[in-house]
Structure formats: C-alpha cells, structure tokens
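J.: After the structure tokens below, expect a handful of questions from me.
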Amino acid sequence: MEKFYDSVLGSNGAVVGGSSIGVYPYGLTTFAALFSDSEGTIALPNPLTADKLGYFEFYAENGRYTLQVVANGFTDRI
C-alpha cells in the first residue's frame, strides 16, 4: 500500500475546501479501492471529500492514479 495526500487549490492558489476527489487507476474509468490505513483493512468512500483546508489523504495499492476534482465552479482531472 502507498499513501497519497495533497491539498486542492484553485487556479488562483486559494484553498478549495469540501471538494470531491474521485480516484481512478490510471487509464481506467472505474473507481480505485481506497483505505484509511496502510494494511488496507479500513475502506474509504470513493470519491473522497477534502476537509475545509482542501486536504485529503488515502492509501491505495502501489501504482499510478488519475484524480478528478469536482468543486463548486470547476471540475479538473489530474
């Protein structure tokens, strides 16, 4: 398992709290399995919701992922 974490910022650099983050295995359109622990025993919902500071974290199998961020006013895939 690998830990992933980041904060969502808008194009103006402002925090985007409460945004929805969908996590997909790279090149696929189905959601990845996400966990809150490194052992993969406590599942998390996918999409995730960032906290009020835009922060989010999760564990997933080692690999590459595409993140889709949806918030009031924009949608972005990174």
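The values are calculated or read from the model by the stated rules, or taken from the named source; none is laboratory data. These numbers come from a predicted model, not from an experiment. Using ideal geometry, Cβ is built from the backbone for each residue, glycine included, and neighbour counts are taken over all protein chains shown. The protein model used for the area step is the full one, side chains on, heavy atoms only, and it has no ligands, DNA or RNA in it. Shrake-Rupley method; radii C 1.70, N 1.55, O 1.52, S 1.80 Å.
J.: Farthest toward the dipole's positive end in the stretch 1-76, which of VAL23, ALA50, ALA71, given Cβ charges of +1 (Lys, Arg) and -1 (Asp, Glu) about the Cα centre?
T.: Farthest towards the positive end: ALA71.
J.: Determine the share of the chain's accessible area contributed by carbon and sulfur atoms, expressed in whole percent, with a 1.4 angstrom probe.
T.: Answer for the chain: carbon and sulfur cover 53 percent of the accessible area.
J.: Quick one: which residues, 5 or more positions from ALA32 or on another chain, have an amide H under 5 Å from its amide H? H modelled 1.01 Å from N in the peptide plane, none for Pro or chain starts.
T.: So ALA32 has HN proximity to VAL23, TYR24.
J.: Could you give the accessible area per residue of the chain, probe 1.4 Å, as a whole number in Å²?
T.: Accessible area per residue: 63 Å².
J.: Further question on the same structure: Output wanted: per-residue J couplings in Hz (rounded whole) for the stretch 52-68, from phi through Karplus 6.51 cos²θ - 1.76 cosθ + 1.60, θ = phi - 60°, x for Gly and Pro.
T.: Going residue by residue, I get 5, 9, x, 7, 8, 8, 6, 10, 8, 3, 4, x, 9, 9, 9, 10, 10 Hz, with x marking Gly and Pro.
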